[in-house]
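Below is one structure, written out as structure tokens, with a few remarks after it.
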Amino acid sequence: MDPISAATHFNPYDVHYPRLRARGGLTFDATLGLWVASSATAVAAVLNHPACRVRPLHEPVPRAIVRRPAGQLFARLMRMNDGPRHRCPRAAIEAGLGQLVASDLMPTLANWRPALVAPLRAADLRRWQFALPVALVAGLLGVPTEQREDLARRTGEWVACFSPLSNESQLLAADQATQHLSAQLQAVLAAPEHSPLLSDILRRSGDLDPQDLLANLVGLLAQTHDACAGLIGNSLIALLADPALCQHLRQTPAALAPWLLQRQRLDPPVQNTRRFVAEPCTLNGIELQAGDCVLVLLAAANHDPALAAVTGAAATPPDFSFGAGVHRCPGQGLAQNIVGALLQALLRTSDLSRLPLRWCYQPSVNGRIPLFEDSLEAGQ
Ligand code: HEM
């Protein structure tokens, strides 16, 4: 196991991440050719330092997609930029997302078409895990009901362009999905009436380039896709293994949100992110040079015994599952709301622990996303 393959390892938490933290929190991995931040202090230092950028200066768009439609959309995303191209779309979008923290999604799920039924096999569960979170966000943006799940499927095709593991046919599908997603969101923008979320975003968008706005609306679907699928999947693994817990959460719905917060810290869907040093700087007492790359192990920092001391002292969230600093996830509250609502609905509709499932992690360099398959035996 290395700090990258740890993301999809069965258990990186007990030995691998503690061993990395014990080496000092920020160390150079000569095999991978990058710095690795693993302690809460080092992760906070990197994510809050202005010299640490989200993309290398010489490669704002990954080489594999730079001249392709998928790459043109990528280039406009706030997640992939620093400076005005990050600040301006974020200023337009963040407040509207923040208002959805407490919105009640249960009536939407109750009236969903095609109706939501208890999952009987892995394919049913994949709908809850991958399609519904994105479809819910698409609905909040104003995408018509009948297009939402198809848009979620297309989003799944587009996000493949973010992964260095994708092959040519996946990149081709990502290009086609880019055009489809852009056209669908453009139609929503051009409609005579807008959803409350989109109205809020448009009110705050000022002179934001319309193409940047469009790209970042598509970006919301992309950010939702893998991360929510991971949080739902990792929560399901814990639920599938524990019928008593399912029973408790079914009978005491108020216990679900605190349980989910704990799961999100212990088994986060985004295990790591990267930062690229743009100018010499000192991080965790170590001097880094322009051109250095830092692998930021959010999941290792979440398990650091010093986590509470670090996040309590700095302007960071209680854990690093949603990042920290200027790129911190603006969809955190909405994501927790979506995942909480879907898990609550799942707990109501089915006896999860009876589902005959096995699972493995989707190949990824940073996400921890279980893929469920049918099995003759329950659980794994
Ligand atoms: C469980 C679900 C989610 C998790 C764990 C998650 C996690 C994260 C993390 C770790 C980052 C920071 C990446 C970095 O700094 O390198 C991030 C950024 C972002 N997330 Fe999320 N996210 C989730 C769901 C969502 C949802 C539902 C939305 C919106 C609908 C969203 C929108 C964004 C955006 C736009 C960014 C980029 C922010 C920026 O660059 O300023 N996320 N997310």
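Using a 7 Å offset from the Cα along the Cα-to-Cβ direction at both Thr252 and Arg153, what is the distance between the two label points in nm, to one decimal? Simple spin-label model gives 4.1 nm for this pair. Per residue, the accessible area of the stretch 1-146 comes to 46 Å² when a 1.4 Å probe rolls over the protein heavy atoms. Just checking the listed ones, Pro56, Pro268, Pro164: in the Gaussian network model of the chain with Cα springs under 10 Å, the one fluctuating most is Pro164.
Across the chain, the volume of the C-alpha convex hull divided among the residues equals 141 Å³ per residue. Computed with a 1.4 Å probe over protein heavy atoms only, the accessible area of Trp359 comes to about 40 Å². Largest to smallest in accessible area, the residues Met106, Met1 fall in the order Met1, Met106 (1.4 Å probe, all protein chains included).
Can you give the extra length, in nm with one decimal, that the chain gains between His194 and Asp242 once fully stretched, where that is 0.36 nm per residue apart less the Cα-Cα distance? Using 0.36 nm per residue and subtracting the Cα-Cα distance, I get 13.0 nm. Working from Cα pairs under 8 Å separated by at least six residues, relative contact order for the stretch 5-374 is 29 percent. Our summary gives the stretch 143-229 a relative contact order of 38 percent, counting only alpha carbon pairs under 8 angstrom and 6 or more residues apart. Once Rg and the Kirkwood radius are both taken over the C-alpha atoms of the stretch 1-142, their ratio Rg/Rh works out to 1.04.
Could you give the dipole magnitude of the stretch 5-374 about its Cα centre, charging the beta-carbon of Lys and Arg +1 and that of Asp and Glu -1, in debye to the nearest 20?
Values: 32 positive and 29 negative charges, 27 e Å.
Result for the stretch 5-374 is approximately 140 debye, rounded to the nearest 20.
Extension gain for Cys293 to Glu279 (0.36 nm times residue separation, less C-alpha to C-alpha distance): 3.9 nm. Reported to the nearest whole Å, the Cα centre-to-centre distance from the stretch 246-270 to the stretch 174-200 is 33.
With every protein chain present, what is the per residue accessible area of the stretch 155-195 (1.4 Å probe, Å²)?
Computed with neighbouring chains in place, this is 49 Å² per residue.
By accessible area, using a 1.4 Å probe on protein heavy atoms only, the stretch 1-93 has 55% of its surface on carbon and sulfur.
Model label sites at Asp14 and Arg354, defined 7 Å from Cα along the beta-carbon direction, differ in position by 3.2 nm. The length gained by stretching the chain between Arg87 and Ser169 to full extension, at 0.36 nm per residue less their Cα-Cα distance, is 26.2 nm.
The values are calculated or read from the model by the stated rules, or taken from the named source; none is laboratory data. Being a predicted model, the structure only gives us computed values, none of them experimental. Cβ coordinates were reconstructed from backbone atoms using ideal geometry, including for glycine residues, and neighbour counts include every protein chain displayed. For accessibility, only protein heavy atoms count, side chains too; no ligands or nucleic acids. Shrake-Rupley method; radii C 1.70, N 1.55, O 1.52, S 1.80 Å.
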